[in-house]
Every structure is written in structure tokens, then in C-alpha cells.
Amino acid sequence: MTHAVCNLSELVMDPSLNSDIDAVRDMVNRFMQTEVAPVMDGYEQRREFPRELVRKAGEAGLYGAAFPESVGGSNMGYLAATVIQEEMARNDVRFSACNNQQGSTCPGAIYLAGTPEQVEKYVPNLLAGVTIGGMQLTEPGGGSDPEGNMKTFAKRDGDVYRITGQKMWASMSNETDVGVLYARTDRDAGAKGVTAFIVEPKKYAGWNAQPIEMLGLSKSMRTNVLFLDDFVVPVENRLGAEGDGFKIVMRALQPGRVTIAGKALGVARACFEEAVRYANERTLRGQPIGRFQMIQSDIAEMATAIEASRALVYKAAYYMDNNLPSNRIAAIAKYHASQTAKMCADKAQQIFGGYGLAQEYRVSWLKSYADLFFTGEGTANVQKILIAEDALGYKIADRHHGKSGLRNVRQPQEQVAAGG
Ligand SMILES: Cc1cc2nc3c(=O)[nH]c(=O)nc-3n(C[C@H](O)[C@H](O)[C@H](O)COP(=O)(O)OP(=O)(O)OC[C@H]3O[C@@H](n4cnc5c(N)ncnc54)[C@H](O)[C@@H]3O)c2cc1C
């Protein structure tokens, strides 16, 4: 499959984009309706990780759109990857919980910084959904300053590193086959003291993941507190050189910001669709509640914000696909889409009245995902800081683009390394 070409005005003016993207959208909807919808509730009730579904999603190409064919991707680009996230989240956001680990932050970091042997060994299996991915960065000290608060330490011991410490919110790490974990190798070197490692939790002792009970989030795809006690990583699994870790994670997170904005857009649309359906079905005082003007006001606000978010999210994906400076627009897209998702979830809940709080109605838990997208992969405040500092001229968001800034995962590795 080749990169889906379309121009920006086409993107913003015509929501159906182009036929390639339409085909991707249809394919995802079919997959979610035929493969996921019949079984996902069962996985949730059993609290069982849907490994077989992840493999099927990998086989269908849902994780590899932004990667080249040489590593098992489809080379369709970030717009396709974002639309995939949007439609998955719109259909069943619970099943999209592992998408970033499976198709972005974990394989992305390995593809960006790995040796050809590391890339060949790990990336195709992650994109195919054969192995389960993870990214272990955040620590209890605070996710918005990951480097400043990082205490987990990797001590070199001959041919291995021994890692001890604690990670917070390590999603899927109770299931992870292959992860990218960030730890200090030098306590006094600040950002330059952080190193990235490809970890294989099932091969070595000292990895203890304890799931966290989350309000309204998936019970089958979970996030964890992770305790590391002399956990072994062979030296050949170090990603890049010692001290490269912070640079690698900053690059690996950039695409995740846009695709998570796509997920937020999907959640906003799901809330809107539920609200419209319910407003037409529910009758009070002899008429559908959709006839009440205050309900119409909510519907109008939702529709307007979704259109604006859609334009921003696709624009950010377009910038990434075309190697244009994208830090600022990605921050704007993520901020707007996650705010829209929150607003739509809130309004949908209100339109459902008391039923909006009952677990059997999905608007009750869509709200938790909207909150999550507001926080995960860089909180709303962090996005606002980026946008405002750029506007005020304090720190230009895209100053280093093309030299040492964040790069598109789709760029050839040599360019990534040269830009390092
Ligand atoms: C369900 C879930 C799954 C996750 N999965 C993963 C994962 O797989 N791997 C991983 O590494 N991490 C993961 N995370 C972590 C996530 O990225 C962090 O929660 C996020 O970065 C915020 O960190 P924090 O929760 O420690 O909040 P903090 O960083 O402590 O922030 C607290 C508050 O302070 C605000 N704040 C911070 N700095 C500033 C500032 N300079 N000015 C103004 N306000 C500020 C924030 O916006 C926030 O409102 C996950 C989180 C959740 C909830």
C-alpha cells in the first residue's frame, strides 16, 4: 500500500477526504463490527486480555499504517494511522487501549533508534500484533517531568544491565512481550543520564506488574504499577547509546500525540452519535427530547466542536506526512480534540439523564476515556504551555525541526540518525 495522497484544502473542506482514506475507514469499521463487537464485552467481563483480537488487528494492518513495508507496515502515513485510531475509538474505545503501545511509542522508538538487527527482530512482530508492546517511561514522581523525576536506575554488570526502580501507569505491562523502558544510567547527568532499553519481561525475573483499578476504563487492557528489582536487560538490547534515552522518547511520543488526538475525535463522535440517537428516541411531554431547544443547543455545540477538531487533527497528521513542522499543530490538535471529547461526553451524559450514569450505557464510560485523553501523552496544561510559549516567543515549538527536532517515523533511519 502506498502513502494516501491528498492536499490540505481537500482535507479540511471535505470530510470524506479521498478514496484511499475512505477505504481505510470502511475497513476499520468492518473489522470493529465483525471481529470486536461480538466478543469485546466477554473479554471485559472475564478481565482477559484480548490477545487473539490484537493479533487479528495486526494482521488487518491496524497498527502499521505509519511504518514502511520493509518492517511490516503499509506505508500509508499518519493520516491513515489517525483515521484508524478515530474509527477504532468511535466503535469501541476499550479495544483501542493498546494501540499506541502496539503501533507507535514502542515500535516507533525501536524503529527510530534501533540497530537494523533490533528493528528486524522486534518491529514486524509488534505491528503484526504477534507480540504485545509497552512503553515504560512515567514514574510516581510525575509524568509531566519524566526526566526530572526519573529514579529507576540501570546498572551495567558485564554483558547485562540490572534495572531497579518503579514505573507508574505502565499500560499493558502485565501482558507485555516487548517494551521500551527508560531508566537512568547516570544520576547526575540530567536529561543526558537517561537511557532507553528494549525489555522482554517474560524472559527475566524481577518484573512485577500490578494492575490499577481505573474508574470506567477497560478491565481487559489495563494499566499498572511496575516494580523492577534487578531486572536484567542484555547490553545488546540497549536502544541507542547511553544517554540517548530522553532524545529517543521525545521523538517517539510526537506521533502518539496526533494519533491520540484521533482517538479523542473518535470518542467525541461516539458521544455525539449516542446523544443524537437518544434525543430522537426519548420522548417527554409528548415529543422527542431533541425538539427541546436546550437539547438542540447541546447538539449544535457538539457538532461544531467536532468539525473544528476534525480539521485540526487531520491538519496535524497532514503536516507529519509531509515533513512540515508539526510540534505546534500537534499540540493544538491534541488540546482541542481532548477538550471536545470531554465536552461531548459531558453533554451526552446529560442528554441521557440518569441513564448516562448507568454502566450498561456506553456514554457512562466514554467520559472516562475523554478524561484520559486529556491527560495521557502530555496533559492539557503541557499542550497549552507549548502553544502559548510558541505564541509569546519564549520557546518556538518547531525551532529545531529538520535539524534536531522530532521526526516522522516514516523517515528513513539514516536521516533520523543524522539529525540526532
Ligand atoms: C490510563 C493511563 C495509562 C497510561 N499509560 C502510560 C504508559 O503506558 N506508559 C507511560 O510511560 N505512561 C503512561 N501514562 C502516564 C501519563 O502519560 C501521565 O499520567 C501523564 O504524563 C501525566 O503525568 P502525571 O499523571 O504524573 O501527572 P503530573 O505530571 O503530576 O501532573 C499533575 C498536574 O499538574 C499539571 N502540570 C504539570 N506541569 C505543569 C506546568 N509546568 N504548569 C502547569 N501545570 C502543570 C498537569 O497538567 C496536571 O494537571 C498513563 C496514564 C494513564 C492515566
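The numbers here are math on the coordinates, done by the rules we state, and not lab data. The model shown is predicted, which means the values in this text are computed figures rather than measured ones. Note: ideal-geometry Cβ built from the backbone for every residue, glycine included; neighbour counts use all protein chains shown.
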**OP:** Measure nothing fancy, just the Cα-based angle from helix 293-321's long axis to the longest principal axis of the chain, in degrees from 0 to 90, nearest 10.
**Re:** 30 degrees
Original post:
Of the residues Arg328, Arg94, Arg46, which exhibits the maximal mean-square fluctuation in a Gaussian network model of the chain defined by a 10 Å Cα contact cut-off?
Top reply: Arg46
**OP:** Using the structure shown, select from Lys247/Lys384; Lys121/Lys151; Lys151/Lys334; Lys347/Lys384 the pairs with a Cα to Cα distance greater than 26 angstrom.
**Re:** Lys121/Lys151; Lys151/Lys334
Original post:
So for Cys98, Cys344, fewest C-beta neighbours within 10 Å to most, what's the order?
Top reply: Cys98, Cys344
Original post:
Once both labels are modelled 7 Å past Cα along the beta-carbon direction, what's the Glu389-Asp157 spacing in nm?
Top reply: 3.8 nm
Subject >> Fraction of beta bridges assigned by DSSP in the chain that are antiparallel (%, nearest 5) >> reply: 85 percent
Subject >> Gyration tensor verdict on the chain (Cα atoms; rounded if a/c is under 1.5, prolate if a/b is larger than b/c, oblate otherwise) >> reply: prolate
Original post:
Using DSSP loop states and a limit of at most 15 other Cβ atoms within 10 Å to flag chymotrypsin sites (Phe, Trp or Tyr not before Pro), what is the longest stretch of the chain containing no flagged site?
Top reply: 1-291
Original post:
Where does helix 363-375 land angle-wise versus the long Cα axis of the chain, in degrees 0 to 90, nearest 10?
Top reply: 40 degrees
Original post:
Computed FRET efficiency, Cβ-Cβ of Glu360 and Ile212, R0 22 Å: what is it to the nearest 0.05?
Top reply: 0.40
**OP:** Within 10 Å of each residue's Cβ, count the other Cβ atoms and sort Thr340, Thr379 from fewest upward.
**Re:** Thr379, Thr340
Subject >> Filtered GluC sites (Glu not before Pro), segment 291-388: DSSP coil and at most 16 other beta carbons within 10 Å >> reply: Glu360
Subject >> Helix 19-31 axis, angle to the chain major axis (alpha carbon atoms, nearest 10°) >> reply: 90 degrees
Original post:
How many angstrom lie between the C-alpha centres of segment 203-262 and segment 124-176?
Top reply: 4 Å
Subject >> Distance between segment 183-202 and segment 326-366 - C-alpha centres, whole angstrom >> reply: 36 Å
Subject >> Fewest-first sequence of Thr375, Thr304, Thr82 by Cβ atoms within 10 Å of each Cβ >> reply: Thr304, Thr375, Thr82
